[in-house]
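The values are calculated or read from the model by the stated rules, or taken from the named source; none is laboratory data. Everything quoted here is computed from the prediction, not taken from an experiment. All Cβ positions, glycine included, derive from the backbone under ideal geometry; neighbour counts span all protein chains shown.
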Amino acid sequence: MATLDLGKIKQVWRGTYNNSTAYVVDDLVEYTDNNITSSYICVANSTGNAPSTGGTAHASWNFVAKGVVDPIPSQSGNAGKVLKTDGSSLSFGDAGGWVKIAGGNGPSSAVTELAIDNVFSSTYKFYKVFMMWTQDDWMKIRFIDSSGNNLTAGNYRWVAVATHENTDGGPDRVGNSGVTWIPGNYWNATDHGFCLIELTFVDPADSSKDPGCSTLAHVNENTQLHSQHGAGYWYNGIGIRGFKVSGDTGDTIADSNFRYVVLGAKI
Amino acid sequence: MKKATLQADGSWNIEDLTSEEETAYNITVAEGKAFKEAQVAAAEKKATDSAAGKAKLKELGLTDDQIAALVG
């Protein structure tokens, strides 16, 4: 009885290419050429012919799925870095200057006191806090230590200087020691007015230093505009992880009148 | 009185101030109010003294420009 050779009736996976193996038509292999791994199909019986060289397939092989160079550079030695592009290639590098740590509006229900807690750590050296509080009053700030305790004793010292428009006063200098607060904006703001408060901290989590911040506040109080710069600190070395803000009796903090963002930067 | 504390997911946890927190808040409010009132009183006294001083300089025969040049 005559025998009819149909050849292979299906392709055969032969694994990673071996230079000493005799391959026949329809054998499939995996092979890494120039750091690029691809799969190949044998199109002519072949022994000792690498499937491709320099990206070009040998005559006895065809590409099935051609690999590409890994677009992500080696991660080794790049812990904590971010993947960046220059528009044409990728590399690992440092993150942008300031990293957002927290931010948003005030709470949906009005409160008397707001604790922006757990925002400072040893991860960053410098922190910036931007706040808006359009309340017809002034803001007081107190720190929260690294254990979560409110620093409420009279250990704060602060100073502020301001210039004013549309008022007889100023420039004014105010300051105090041994009090239980430092001012965010010392001069009053206005409901639905303009208010920008900026605090800058350095090493707030370092318990060997007195925690403090510079304060900038620009607010309008009806037709008057107040522009304030100053600083305040707690005069006992202690690490802080956050701070509290509050106003006077009857003042509220809510999503309608309060915005904030906390940024951190490494050195 | 209520306080809102920032949570890890960015939300606010709202709860009542503890009695200790309320006491601390009231102390801070009273302290701040007293400080501001003292500042206002001092500023008003300074303005009154300044006006009285300028009036006396004028009685001595100085012109307004001369007084302004001296004391602003």
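Residue-by-condition table, conditions (1) at the interface with chain B (Cβ under 10 Å from one of its Cβ atoms); (2) touching a Leu at 6+ places or on another chain (Cβ under 7 Å); (3) buried (at least 19 other Cβ atoms within 10 Å of the Cβ):
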position: A:Val159; (1), (2), (3): no, no, no
position: A:Ile182; (1), (2), (3): no, no, yes
position: A:Pro204; (1), (2), (3): no, no, yes
position: A:Gln224; (1), (2), (3): no, no, no
position: A:Phe243; (1), (2), (3): no, no, yes
position: A:Asp255; (1), (2), (3): yes, no, no
- request: Could you check A:Thr152 against (1) out of contact with any helix residue (DSSP H, G or I) (no Cβ under 6 Å at 6 or more places or on another chain); (2) in a loop (DSSP other than H, G, I, E, B) and say which number it fails?
  value: (1)
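With respect to A:Asp145, is the statement that it is away from chain B (no Cβ under 12 Å), under 15 Å from B:Ala24 (Cβ atoms) and charged (D, E, K, R) true? Break it down into steps so the answer makes sense when it comes.
On the way: away from chain B (no Cβ under 12 Å): yes; under 15 Å from B:Ala24 (Cβ atoms): yes; charged (D, E, K, R): yes.
Here the answer is yes, as A:Asp145 does meet what is asked.
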query: Just one of A:Leu83, A:Leu6, A:Leu28 is under 30 Å from A:Asp94 (Cβ atoms) and either in contact with a Phe, Trp or Tyr (Cβ under 8 Å, 6 or more places away or on another chain) or in a loop (DSSP other than H, G, I, E, B) (or both); which is it?
result: A:Leu83
task: Give me a count of the residues in the range A:71-99 that are under 27 Å from A:Val29 (Cα atoms) and either surrounded by 11 or more Cβ atoms within 10 Å (Cβ to Cβ) or touching a Gly at 6+ places or on another chain (Cβ under 8 Å) (or both).
output: 1
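Return yes or no: is A:Ser227 assigned to a loop (DSSP other than H, G, I, E, B) and more than 25 Å from the chain's Cα centre (by Cα)?
On the way: assigned to a loop (DSSP other than H, G, I, E, B): no; more than 25 Å from the chain's Cα centre (by Cα): yes.
Judged against the criteria, A:Ser227 is not a match.
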task: Could you grab me the full set of residues in the range A:47-62 that are outside any loop (DSSP other than H, G, I, E, B) and either modelled with pLDDT under 95 or more than 16 Å from A:Thr16 (Cβ to Cβ) (or both)?
output: A:Thr53, A:Thr56, A:Ala57, A:Asn62
